Ligand SMILES: [Fe+2]
Ligand SMILES: [Fe+2]
């Protein structure tokens, strides 16, 4: 990815309504085992969700085509985090309750038409990718260790691409005006969620 493109993506991502609390990077840095474990499961869940989206939408050719390689990529991310843990003699702990994602799920439309439900599934993924990208950006800029800064930069670049992919897929199947309007509602909801969530260094979100 070109540097200029990346900064454009990053600008879009910073269209998130609330930047991460700066204290978070320092907290994450001192809880490296926890943050790596949480990160590993985030990657695993991303892969699982992409598989599930393919299973639920086999008639959507573009989605099947675009998400298939993302499954491989997210699983590759899981393995990268796993090998980082191993290299450091750290353990992949158990999966923790994902407060951020659970709270986001509460905002998903209940009932509604299949199209409305599909839109929310795309947008929740876009949002998680966008926030993850923003968090990796913070780590890649703010950590003391140069190796770790580079490590997180790779994830930041990937997640920026995923964020745009989910928006593109939504706009391929649904009217752009509808997508943009609902996206704004999601961004506002996420801002309030971030505002009301405790800053803790053992979680990616
Ligand atoms: Fe990933
Ligand atoms: Fe991703």
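The numbers here are math on the coordinates, done by the rules we state, and not lab data. Here the structure is a predicted model, which is why all the values come from computation and not from measurement. Ideal geometry is used to build each Cβ from the backbone, glycine not excepted, and the neighbour counts take in all protein chains shown.
Worth pointing out:
- Between helix 61-87 and the chain: long-axis angle, C-alpha atoms, 0 to 90°, nearest 10: 10
- Coordinate range along principal axes, alpha carbons of the chain, Å, largest first: 47, 37, 32
- Once the Cα atoms are used to define both axes, helix 146-173 deviates from the longest principal axis of the chain by about 0 degrees.
- Modelled FRET efficiency - R0 30 Å, residue 174 with residue 106, Cβ distances, 0.05 increments: 0.85
- Compared with the dominant Cα axis of the chain, that is its longest principal axis, helix 176-196 is turned about 40°.
- Counted by neighbouring Cβ atoms within 10 Å, the residues 113, 52, 31, 132 run from fewest to most as 113, 52, 31, 132.
- Selected from 55, 44, 108 as most flexible by GNM, with the chain as the system and alpha-carbon contacts under 10 Å: 55
- Take the Cα radius of gyration of segment 134-194 and divide it by 2.2 N^0.38 Å, N being the number of residues; the result is 1.44.
- Exposure proxy ranking, count of Cβ atoms within 10 Å, fewest first, for 67, 85: 85, 67
- Förster-model FRET efficiency, 22 Å R0, residue 181 and residue 48, C-beta, rounded to 0.05: 0.15
- By other beta-carbon atoms within 10 Å, ranking 77, 39 with the fewest at the front produces 77, 39.
- Stretchable slack from residue 23 to residue 61, in nm (0.36 nm times residue separation minus alpha-carbon distance): 9.4 nm
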